[in-house]
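K.L.:
Structure below; questions to follow.
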Amino acid sequence: MDKPSGGDKYNVETAEILANEAQHLPVAEATPIYEQLLLLFPTAAKFWRQYVEAHMAANNDDATKQIFSRCLLNCLQIPLWRCYIRFIRKVNDKKGMEGQEETRKAFDFMLNYVGADIASGPVWMEYIAFLKSLPAINAQEESHRMTTMRKVYQKAIVTPTHHIEQLWKDYENFENSVSRQLAKGLISEYQPKYNSARAVYRERKKYVDEIDWNMLAVPPTGSYKEEMQWMAWKRLLSFEKGNPQRIDTASSNKRIIFTYEQCLMHMYHYPDIWYDYATWHAKGGLIDSAIKVFQRALKALPDSEMLRYAYAELEESRGAIQAAKKIYESVMGDGDSATTLSHIQFIRFLRRTEGVEAARKYFLDARKSPSCTYHVYVAYATMAFCLDKDPKMAHNVFEAGLKRFMHEPVYILEYADFLIRLNDDQNIRALFERALSSLPPEESVEVWKKFTKFEQTYGDLASMLKVEQRRKEALSGAEDGTALESSLQDIVSRYSFMDLWPCSSNDLDHLARQQWLAKNINKKVEKSILPNGTTLLDKTSMASISTMPSKIVYPDTSKMVIYDPKHTPGAGTNAFDEILKATPPALVSFLANLPAVEGPMPNVDIVLSICLQSDLPTGQSVKTGIPTQVQSGKAGIPALLPAGSAPAAAASELSGSSKSHPAPSGGVSLKPGSNRQYGKRKEPDRQDEDDTTTVQSQPLPRDAFRIRQYQKARASSASQTGSVSYGSAFSGDLSGSTG
């Protein structure tokens with residue numbers, strides 16, 4: 001089988017497929033597959049369990065013991081450990097008393113490591129069942145067995161597991177079966193502890209349920225699932241560190257260690273988890289345990305310089321200088337492959353621990369290394385100046401480095417900063433002149449900026465102006481002649497200090513905008529500045545846009561049909577029938593009761609406009625025979641305006657006529673075209689007046705669309721003028737407020 005390489009090295013899907021294939025192979029053929037998988041995933045408990053079960057099925061006891069010795073302490077998972085206890089019981093089944101004692105020790109060993117697991121309930125119950133099955137020859141052995149069982153029960157009922165309630169019931173039955181008098185005192189003693197453990201279990205379960213226990217340990221890829229799992233483990237660790245059960249420190253620390261070990265089964269390639277684990281030990285005073293964690297971490301992540309420096313820091317902090325030195329040397333490797341950073345950190349370490357001479361000696365050796373860059377010179381010169389108080393040595397180091405790194409602008413700037421601290425203005429100007437004479441213009445921008453800033457701060461006006469002009473000439477070239485001209489930007493640069501400016505922020509923005517425009521002033525502009533003031537398009541840009549290939553998709557007109565409503569399904573009367581089908585029954589009933597309109601139709605918009613612009617007088621009181629609800633329009637029937645009142649008058653004004661129409665004194669008609677009225681019937685002489693009524697005096701529109709338009713227009717008019725407030729066309733409210 002070929003070994004995965006490159007990006008496929010930690011391919012989870014491939015690993016799962018290989019593990020499934022190995023289960024169906026003979027153990028001799030499956031062994032190389034398992035070994036390869038476990039080399040990549042050394043904390044994959046499910047692969048270890050499959051591997052060991054394959055040997056157990058073949059009765060390879062020696063190979064099984066060897067596999068268990070490799071994986072048990074690094075994979076604290078209940079299924080794997082139950083596989084271990086099953087193997088121990090099978091091996092010691094026929095060894096009599098000696099085998100039973102070995103099995104009991106195996107149970108104690110297992111519960112010492114995984115007894116705190118939330119899924120360890122079956123293990124506790126299996127151990128208790130095993131103790132019950134042990135024979136007791138005499139009363140002394142029986143008493144010893146009962147005492148052992150009681151201790152196991154009392155440990156189990158204070159451990160937050162899935163089976164804590166069942167274990168408590170079993171414990172009560174056990175104590176009552178031994179002695180009811182003794183049981184009462186013991187149960188009352190352990191009841192609060194059990195209640196606390198059960199409450200902690202409920203909280204703990206919330207954190208545990210967020211964790212994917214089948215996730216294989218792979219290097220971080222930044223996927224959403226990995227980040228969610230990392231956060232879930234962090235929350236569980238924080239929960240355990242808070243000691244929610246308020247148990248003793250030793251038991252709490254043991255539970256935290258167990259949680260870290262389980263976390264590392266899945267976060268094996270995360271250096272921050274290893275670092276947190278080690279520093280937690282160190283803060284608790286367990287330095288030796290912290291060192292062991294760092295050693296394991298470096299086996300898991302041998303290329304992590306972060307963990308090596310953290311480990312060396314721990315050794316140095318406790319005074320183990322030689323151990324720390326070995327770690328630093330391991331970071332540098334064979335010397336030729338050492339990084340620049342490793343040289344610098346080792347020089348600093350030697351300066352702290354062995355003194356100035358040791359650091360100087362190593363610097364002289366490091367400068368000969370092919371991996372030595374200007375950073376090593378800067379670091380050693382700064383250390384000599386600040387720590388050794390030896391400016392001469394620092395100056396010599398900078399000068400020696402200048403011969404090799406004259407082409408590095410950053411090195412020039414660091415050297416200039418050093419000379420500025422020495423207040424050596426003569427050598428500073430000489431340094432700038434030497435550097436600028438050798439650097440190409442595109443790499444000298446920052447050096448010119450530093451030179452200009454130095455003259456603005458420490459030089460006179462003449463030198464200041466001279467350097468600024470030289471900078472413009474060196475950086476502008478022939479393509480931008482406007483850059484040689486003086487501008488307010490130069491004044492701002494000269495007379496600003498730190499975050500203090502001789503102008504406002506708006507002025508700065510304006511000057512920056514002008515500077516940008518000046519750079520583009522010679523370009524042939526096709527279009528002026530856009531409204532936002534940020535975009536200019538020259539002819540070159542326009543040409544590139546116009547020459548962009550474009551494909552126009554035209555519609556297929558061969559299958560188009562000329563529109564004809566007469567032949568269109570659903571047109572004409574059929575369309576109205578379709579509308580009626582979709583209309584609610586209540587609205588259909590309402591439409592059926594509306595009167596048929598015969599004769600000329602008024603212009604509804606004109607009628608509504610006249611109604612909205614007219615001051616309608618309050619109507620005369622109706623006869624007492626009319627119900628109050630109808631008078632006030634609260635019965636859900638629209639209250640009609642008196643015929644020939646305000647709308648008619650407004651219509652006559654519109655037509656230029658001064659003819660007026662008397663207001664009626666009869667009852668209110670609830671339904672046009674119907675003789676049924678509330679109160680007295682209409683007088684006979686009213687008929688002639690009705691015949692002469694103009695079209696504009698007809699009632700308000702009845703269709704829902706027109707009514708909605710009327711309501712919107714009324715609301716808009718009322719909000720603008722506030723003079724007339726009309727009632728709802730549906731409720732019949734009518735208020736003639738003229739305020």
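K.L.:
Filter the range 157-194 down to the residues that are over 29 Å from residue 78 (Cβ atoms) and among the small types (Gly, Ala, Ser), then identify the one that is surrounded by the most Cβ atoms within 10 Å (Cβ to Cβ).
P.N.:
Of everything passing the filter in the range 157-194, 183 is surrounded by the most Cβ atoms within 10 Å (Cβ to Cβ).
K.L.:
Something else now. Among the residues of the range 88-101 satisfying the criterion of being surrounded by 15 or more Cβ atoms within 10 Å (Cβ to Cβ) and in contact with a helix residue (DSSP H, G or I) (Cβ under 7 Å, 6 or more places away or on another chain), which is nearest to residue 237 (Cα to Cα)?
P.N.:
Here is the first cut: in the range 88-101, the residues surrounded by 15 or more Cβ atoms within 10 Å (Cβ to Cβ) are 88-89, 91-92, 99-100.
Now narrow it down to the ones that are in contact with a helix residue (DSSP H, G or I) (Cβ under 7 Å, 6 or more places away or on another chain): 88-89, 91-92.
On the way: 88: 32, 89: 34, 91: 37, 92: 38 Å.
Only one residue fits best here, namely 88.
K.L.:
Name the residue, out of 85, 118, 128, that is part of a loop (DSSP other than H, G, I, E, B) and either buried (at least 16 other Cβ atoms within 10 Å of the Cβ) or in contact with a Lys or Arg (Cβ under 6 Å, 6 or more places away or on another chain) (or both).
P.N.:
Numbers: 85 fails: part of a loop (DSSP other than H, G, I, E, B); 128 fails: part of a loop (DSSP other than H, G, I, E, B).
Every option except 118 fails the conditions.
K.L.:
Please state which of the following conditions residue 59 fails to meet, knowing it meets all the rest: (1) at negative phi; (2) surrounded by fewer than 18 Cβ atoms within 10 Å (Cβ to Cβ); (3) not small (Gly, Ala, Ser).
P.N.:
The single condition residue 59 does not satisfy is (1).
K.L.:
For residue 372, state whether it is out of contact with any strand residue (DSSP E or B) (no Cβ under 6 Å at 6 or more places or on another chain) and open to solvent by less than 30 Å² (accessible area, probe 1.4 Å). Let's see the steps before the verdict.
P.N.:
On the way: out of contact with any strand residue (DSSP E or B) (no Cβ under 6 Å at 6 or more places or on another chain): yes; open to solvent by less than 30 Å² (accessible area, probe 1.4 Å): yes.
The answer is yes for residue 372.
K.L.:
Would you mind stating whether residue 61 is out of contact with any Gly (no Cβ under 9 Å at 6 or more places or on another chain) and modelled with pLDDT under 95? Lay out the reasoning, then the answer.
P.N.:
Working: out of contact with any Gly (no Cβ under 9 Å at 6 or more places or on another chain): yes; modelled with pLDDT under 95: yes.
The answer is yes for residue 61.
A quick yes/no check of all residues on (1) among the basic types (Lys, Arg); (2) under 21 Å from residue 268 (Cα atoms):
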| site | (1), (2) |
| --- | --- |
| 56 | no, no |
| 63 | no, no |
| 73 | no, yes |
| 78 | no, yes |
| 94 | yes, no |
| 106 | no, no |
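K.L.:
Further question on the same structure: Would you be able to say whether some residue in the range 350-364 is under 30 Å from residue 296 (Cβ atoms), within 42 Å of the chain's Cα centre (by Cα), touching a residue at least 24 places away in the same chain (Cβ under 8 Å) and open to solvent by less than 50 Å² (accessible area, probe 1.4 Å)?
P.N.:
no
K.L.:
Write out, first by first residue and then by second, each pair whose Cβ atoms fall under 7 Å of each other, whose residues are 6+ apart or on separate chains, and whose first residue, in the range 43-62, is in the same structural domain as residue 87 (by the TED database) and of a type in the set (Val, Ile, Thr) while the second is crowded, with 18+ Cβ neighbours inside 10 Å and in a helix (DSSP H, G or I).
P.N.:
43/264; 43/265; 52/64; 52/67; 52/68; 52/83
The values are calculated or read from the model by the stated rules, or taken from the named source; none is laboratory data. This structure is a prediction, so every number in the text was calculated from the model and none was measured. Every residue, glycine among them, receives a Cβ derived from its backbone with ideal geometry; neighbour counts consider all protein chains shown. What goes into the accessible areas is simple: the full protein's heavy atoms, side chains included, and nothing from ligands, DNA or RNA. Shrake-Rupley method; radii C 1.70, N 1.55, O 1.52, S 1.80 Å.
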